[in-house]
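Report on one structure; see the data block that follows.
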Amino acid sequence: MTISRRTFLELGAGAGLVVASGGWRGLRAETQTRIMTTIPSTGEKLPAVGIGTREYRSSSDAAEMQRFRQTLEMFHSSGGRVIDTSPNYGNAETVIGELLRDIGIRDDVFMATKVDREDPQQGIERMNRSFELLGRDQIDLMQVHNLRGTEEELETMKAWKEQGRFRYLGVTTHDARQYEEMEDVMRRHPLDFIQLNYSLADRGAEKSILPLARDRGIAVLVNLPFARGRLFKVVAKRPLPDWAADMDAHSWGQVFLKYIVSYPASLIPIPGTTKPHHAEDNMGATVGRLPDANLRREIETYMTALL
């Protein structure tokens, strides 16, 4: 990135950002109601922004591991609950399980992980390993990763859901070339969630996948809400437009997240986050107002001119 997100936050005075110690947490506690997303299949409500953990790998760098811990602590203390991980992210499940245990919040999060084996027995072994590493008797959401072994894994996953081992089932992709296959799976299986890419820089999911999710009552975890940092690059050093105040957005990150949350379906962005101040800022997108349809169009016009 040509400009760090810390730099955006430090531009605060001109953009009206809340960056003081305890800023968003104090504001929420006193004056704000949290924005929640409803899971259509059950009616359960979850905070509208989660966290992705792809970079949570164990390290000999004690400072880095402490930063991971502090990030999860900030995420949770700021109201965050939805944590998405995967056995494909190196040893992220091990790191997440240990950190949550040490912090004392392992049972106070909505834990989502994945499986990607075409052989049913290998899938069973992989999912059992996830229970062990995460230290959970029940995993909230199990997802077929990148649609690999979908039919084989969903058979086991449905049985385990009936047994109470999983609360929700889903499938994921990060590749638009799999959208047609995902739509077919969505129509044929009783899914609770899907996971895919969506941002102001990548709106391809709006064409059919997101409307289908809305119509079939499927919640959506959203990958790459900042488009791998591309959105921050194109707004580098630009002050927040006046319309940001109409959605109670105090940073560009909150603009990007609130845009996603305001889509007329059940979307929860899960930005990959490894720094405490980013976690706090992200959770600031779960308070205040969301953009309406007219403001969404204005945001799209503004960003399209920059992208």
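Worth pointing out:
- Asp140 meets each of the listed conditions (1) part of a helix (DSSP H, G or I); (2) within 27 Å of Ala265 (Cβ to Cβ) apart from (1).
- From the options Arg214, Arg188, Arg203, Arg228, residue that is out of contact with any Asp or Glu (no Cβ under 7 Å at 6 or more places or on another chain) and on the phi > 0 side of the Ramachandran plot: Arg228
- Looking across the range 50-88, the residues that are outside any strand (DSSP E or B) and more than 19 Å from Asp102 (Cβ to Cβ) come down to Gly50, Arg54, Gly79, Ser86, Pro87, Asn88.
- Residue in the range 172-194 that is of a type in the set (A, V, I, L, M), within 25 Å of Tyr89 (Cβ to Cβ), part of a loop (DSSP other than H, G, I, E, B) and under 19 Å from the mean Cα position of the chain (by Cα) present: yes
- Pairs, first farther than 20 Å from Ile194 by Cα in the range 29-43, second of a type outside the set (Gly, Ala, Ser) and at pLDDT below 95, C-beta under 7 Å, six or more apart: Arg34/Arg28
- Exactly one residue out of Ala205, Ala213, Ala201 is of a type in the set (Gly, Ala, Ser), surrounded by 17 or more Cβ atoms within 10 Å (Cβ to Cβ) and under 23 Å from Lys158 (Cβ atoms): that is Ala213.
- Within the range 50-69, residues that are closer than 26 Å to Ile260 by Cβ have Cβ atoms under 9 Å from residues that are part of a helix (DSSP H, G or I) and of a type in the set (Gly, Ala, Ser) in these pairs: Ile51/Ala279; Thr53/Ala92; Arg54/Ala92; Glu55/Ala92; Tyr56/Ala92, counting only partners at least 6 apart in sequence or on another chain.
- All positions within the range 129-146 that are surrounded by fewer than 18 Cβ atoms within 10 Å (Cβ to Cβ) and either under 20 Å from Thr173 (Cβ atoms) or of a type in the set (Asp, Glu) (or both): Glu132, Asp137
- Every listed requirement among (1) more than 17 Å from Ile268 (Cα to Cα); (2) among the acidic types (Asp, Glu); (3) at pLDDT 95 or above is met by Asp84 save one, (1).
- Cross-chain or 6+ apart pairs with Cβ under 9 Å, the range 234-249 first and farther than 16 Å from Val287 by Cα, then modelled with pLDDT of 95 or more and assigned to a loop (DSSP other than H, G, I, E, B): Val234/Ala201; Val234/Leu307; Leu240/Ala249; Leu240/His250; Leu240/Ser251; Trp243/Ala249; Trp243/Pro291
- Ile194 vs. criteria surrounded by fewer than 24 Cβ atoms within 10 Å (Cβ to Cβ), within 30 Å of Ile139 (Cα to Cα) and among the aliphatic types (A, V, I, L, M): no
- Looking across the range 195-204, the residues that are assigned to a loop (DSSP other than H, G, I, E, B) and over 17 Å from Asn146 (Cα atoms) come down to Leu200, Ala201, Arg203.
- Take the conditions (1) out of contact with any Phe, Trp or Tyr (no Cβ under 7 Å at 6 or more places or on another chain); (2) over 25 Å from His76 (Cβ atoms); (3) touching a residue at least 12 places away in the same chain (Cβ under 8 Å); (4) not aromatic (Phe, Trp, Tyr); Asp215 misses just one of them, which is (3).
- As for the range 84-92, it holds at least one residue that is within 22 Å of Leu169 (Cβ to Cβ) and touching a residue at least 60 places away in the same chain (Cβ under 8 Å).
- Qualifying residue in the range 225-233 (condition: under 12 Å from the mean Cα position of the chain (by Cα) and either surrounded by 15 or more Cβ atoms within 10 Å (Cβ to Cβ) or without any contact (Cβ under 8 Å) to a residue 40 or more places away in the chain (or both)): yes
- Of all residues in the range 160-188, those that are among the basic types (Lys, Arg) have Cβ atoms under 7 Å from Cβ atoms of residues that are surrounded by fewer than 18 Cβ atoms within 10 Å (Cβ to Cβ), 6 or more apart or on another chain, in Arg165/Gln138; Arg167/Gln138.
- Single unsatisfied condition, Arg167 versus (1) touching a helix residue (DSSP H, G or I) at 6+ places or on another chain (Cβ under 8 Å); (2) in a loop (DSSP other than H, G, I, E, B); (3) among the charged types (D, E, K, R); (4) under 24 Å from Val222 (Cα atoms): (2)
The values are calculated or read from the model by the stated rules, or taken from the named source; none is laboratory data. Values in this document were obtained by computation on a predicted structure and should not be read as measured data. With ideal geometry, Cβ positions are generated from the backbone for all residues, glycine too; neighbour counts draw on all protein chains shown.
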